[in-house]
Amino acid sequence: MSVFDHFSKEERPFVERALEMLTQVERKQAMRLTDFVDPRQRMIYQSLTSQVQDVRVSPFGGYEGAERVRILLHPDYLPMEKEDYGLALLHIVADQRFHALEHRDVMGALLHVGLKREKFGDMLVNEEGCYAIVAEEVADFVCSQVSQIHRTSVSFERLSWDAFTPPVPRFKEKTITVASPRTDAVIGEVYNLSRAKALVPLRAGKVKVNWRVMEDPSFPLQTGDMVSFAGYGRFKILEISGTTRSGRLRMIVGLVT
């Protein structure tokens, strides 16, 4: 059985690139740094270490518990320092009296200036402040090119990691009831879509469950699952709290804001 048989068709190009990088590190005994990856891609790198010898996967995203990280691939004997990850911490200065910036606002602004998603990590947005973690090689570009987010004037300033306390993730809770925990049913209730309308983006690969493309509309969601829906945002299943008198399933979801 080939190593690629363990991954979906959509993931195979990424698996090929990851395996190539790991093989280069093994052969050249030199360090390689990846762009930002999501938790699923991080797992792929870790699983592929079985294909090489004495190569370590060391992830870091700027703080403990970061969702998106850069990975240092290196021989076991090479020690790593935080500076090796090439991370920049940017504070977003904005007047939020008229519009509170959301996660998707910040992501949209960075994509709009031509950056690839792989060049920025977590965006941490709540009442305490707005921060973006980006690759050092694009930090100056972001500071000079992004002056507006969702019609709000902004500026970026570099911060020292020593003074950074990550804000607590912010969720907007919503209670829904569904006939079953099927992905299409839950998405339909969360975003007020009919099941038929939810099926189209599902079949087009625009929905991810736990960072993996999900095309099966009947896949059952469970507590803790993170669902991303291109063009709509993300939500997390916070709680499945029993059934209603009519037998429908009651869920509490948290929309990422």
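The values are calculated or read from the model by the stated rules, or taken from the named source; none is laboratory data. Fair warning: this is a prediction, and the values are worked out from it, not measured in the lab. Don't worry about glycine lacking a Cβ; one is built from the backbone with ideal geometry, like all the others, and counts go over all protein chains shown. Remember, those area values only see protein heavy atoms, side chains included, never the ligands or the DNA or RNA. Shrake-Rupley method; radii C 1.70, N 1.55, O 1.52, S 1.80 Å.
Key figures for this structure:
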{"quantity": "Segment Gln222-Glu10, extension gain: residue separation times 0.36 nm, minus the distance between their alpha carbons", "calculated": "74.0 nm"}
{"quantity": "Distance-filtered residues of the range 134-160 - backbone nitrogen under 12 Å, label point 7 angstrom along Val93 Cα→Cβ", "calculated": "154-159"}
{"quantity": "Cross-link pairs Lys82/Lys208; Lys28/Lys206; Lys119/Lys206; Lys119/Lys197; Lys116/Lys174; Lys9/Lys174 - those with Cα-Cα distance over 28 Å", "calculated": "Lys82/Lys208; Lys28/Lys206; Lys119/Lys197; Lys116/Lys174; Lys9/Lys174"}
{"quantity": "Estimated FRET transfer efficiency when R0 is 41 angstrom, pair Val3-Val168 (beta carbons, to 0.05)", "calculated": "0.60"}
{"quantity": "Kirkwood-based Rg to Rh ratio, the range 40-167, C-alpha trace", "calculated": "1.02"}
{"quantity": "Rg ratio (alpha-carbon, reference 2.2 N^0.38 Å) - the range 1-111", "calculated": "1.30"}
{"quantity": "Apportionment of accessible area to carbon and sulfur, the chain, percent (1.4 Å)", "calculated": "49 percent"}
{"quantity": "Spatial separation of Cα centroids for the range 100-127 and the range 167-220, in angstrom", "calculated": "22 Å"}
{"quantity": "Square roots of five times the Cα gyration tensor eigenvalues for the chain, Å", "calculated": "32, 27, 16"}
{"quantity": "For the chain, built as a Gaussian network whose Cα springs stay under 10 Å, the top-fluctuating residue of Gly114, Gly61, Gly205", "calculated": "Gly114"}
{"quantity": "Amide N of the range 1-40 lying under 15 Å from the label point, which is placed 7 angstrom from the Cα of Ser47 along Cα→Cβ", "calculated": "1-19, 38-40"}
{"quantity": "Per residue accessible area of the chain, 1.4 Å probe, in Å²", "calculated": "54 Å²"}
{"quantity": "Cα Rg, Dmax (largest Cα-Cα span) when computed across the range 190-257, Å", "calculated": "12.2, 35"}
{"quantity": "Along the chain, longest interval not containing exposed GluC sites (Glu not before Pro), exposed being DSSP loop plus at most 11 other Cβ atoms within 10 Å", "calculated": "128-257"}
{"quantity": "Cα centroid separation, the range 53-87 to the range 2-50 (Å)", "calculated": "14 Å"}
{"quantity": "Phi to ³J(HN,Hα) by Karplus 6.51 cos²θ - 1.76 cosθ + 1.60 over the range 91-97, Hz, x for Gly, Pro", "calculated": "9, 9, 8, 8, 8, 9, 5"}
